[in-house]
Every structure is written in structure tokens, then in C-alpha cells.
1. Taking only the range 81-100 into account, find how many residues are more than 20 Å from N35 (Cα to Cα), of a type in the set (A, V, I, L, M, F, W, C) and either surrounded by fewer than 16 Cβ atoms within 10 Å (Cβ to Cβ) or under 8 Å from the mean Cα position of the chain (by Cα) (or both).
2. Residues in the range 70-84: is at least one on the phi < 0 side of the Ramachandran plot, aliphatic (A, V, I, L, M) and touching a Phe, Trp or Tyr at 6+ places or on another chain (Cβ under 9 Å)?
3. Applying the selection to the range 82-134, what residues are out of contact with any Gly (no Cβ under 8 Å at 6 or more places or on another chain), touching a residue at least 24 places away in the same chain (Cβ under 8 Å) and closer than 16 Å to K57 by Cβ?
4. Being surrounded by 19 or more Cβ atoms within 10 Å (Cβ to Cβ) and touching a helix residue (DSSP H, G or I) at 6+ places or on another chain (Cβ under 7 Å) is the filter; apply it to the range 20-47 and report the residue that is farthest from E9 (Cα to Cα).
5. Among the residues of the range 94-134, which ones are among the basic types (K, R) and either touching a Pro at 6+ places or on another chain (Cβ under 6 Å) or part of a loop (DSSP other than H, G, I, E, B) (or both)?
6. Scan the range 59-84 for residues that are of a type outside the set (D, E, K, R), in contact with a helix residue (DSSP H, G or I) (Cβ under 9 Å, 6 or more places away or on another chain) and farther than 19 Å from G28 by Cβ and jot them down.
7. In contact (Cβ under 8 Å) with a residue 40 or more places away in the chain, part of a helix (DSSP H, G or I) and not hydrophobic (A, V, I, L, M, F, W, C): does that describe R49?
8. Would you check which residues across the range 22-46 are part of a loop (DSSP other than H, G, I, E, B) and without any contact (Cβ under 8 Å) to a residue 24 or more places away in the chain and list them?
Amino acid sequence: MATKKAEIEYIATGRRKTAIARVRLLLGKGKITVNGRKFEDYFPTTDLRLVVEEPFKALEAAGKFNVIALCEGGGPAGQAGALRHGISRALLQVDENYRALLKKAGFLTRDPRMKERKKPGQPGARRRFQFSKR
């Protein structure tokens, strides 16, 4: 009977806007899987891929960790930001010395900007009905 070697995994959660990303970080060759799909298929634009890979580039750790992520809520940009936040938090568990670099780059701060709620009696959050003098 073959025994599977226990892999060390680091788990963290990242958030942005209404998106939530649950991240599992494993030692590996840099393969990223999001919701069971390839990274390139899930984030088709280069900009979003760069956002997700920023923490690895900041630490010069590209290709050292495999990422398995579950993203839900929000849109592509929010999910990419949430994934970046989750990866950064998981990397802190790998080595606490990464904190200074990640904090300086702003990857550990949860972006607090949310969509403003629509107000009653108005067509939008800030939009007012057109003024009519007569």
C-alpha cells in the first residue's frame, strides 16, 4: 500500500469589494488553479493575471508555490484583488519575515472601498432627479 507524503499547506482568506477568495498555498512549481479551472482561463486578461501574481514577484518567489483557490462573489477585478490579498496572507504563514515587503507593497491591507448604497427616492447612490424650474 502506497502512503501519500503529507504536504504542508497554508490556508488564508482574501477579500475585496464583495468578492471572497479562499486560498490554499502548497510548495510546488507555480501552478495556479481557480475554481477548478486553469489560471489563464479564469482570468483571461493580462492585467488581472498580473494583479494576482504581484505578491510572488514582490518576494521573488515566483514558481515556488502552487495555489488552489475558490473565488466567489463580485466580478473579475474584485476576485483578482481578493485572490492577491489571500495569497499575501498565506505567504505570511510561510515566513513571517515577508511581512515588511508585503506590507510596504500594500498587499496585506484589505481594500475597504465598497459600492455605495442606493438612497430612497433617488435613481442611484448619488444621482438626483433632473431639476425643473417650471
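1. Qualifying residue count for the region: 1.
2. Yes, there is a match, as at least one residue in the range 70-84 is on the phi < 0 side of the Ramachandran plot, aliphatic (A, V, I, L, M) and touching a Phe, Trp or Tyr at 6+ places or on another chain (Cβ under 9 Å).
3. A90, L91, V94, Y98, L101, L102, A105, F107
4. Step by step, filter the range 20-47, then rank; the result is F43.
5. If the condition is that a residue be among the basic types (K, R) and either touching a Pro at 6+ places or on another chain (Cβ under 6 Å) or part of a loop (DSSP other than H, G, I, E, B) (or both), then R110, R113, K115, R117, K118, K119, R126, R127, R128, K133, R134 are the ones that fit.
6. Across the range 59-84, the qualifying residues are C71, G73, G74, P76, A77, Q79, A80, G81.
7. So R49 does not fit the description; no.
8. Selection gives G36, P44.
Read-outs throughout are calculated quantities, based only on the coordinates presented, and are distinct from any laboratory measurement. Being a predicted model, the structure only gives us computed values, none of them experimental. Because the Cβ atoms are built from the backbone with ideal geometry, glycine has one as well, and the counts that use them run over all protein chains shown.
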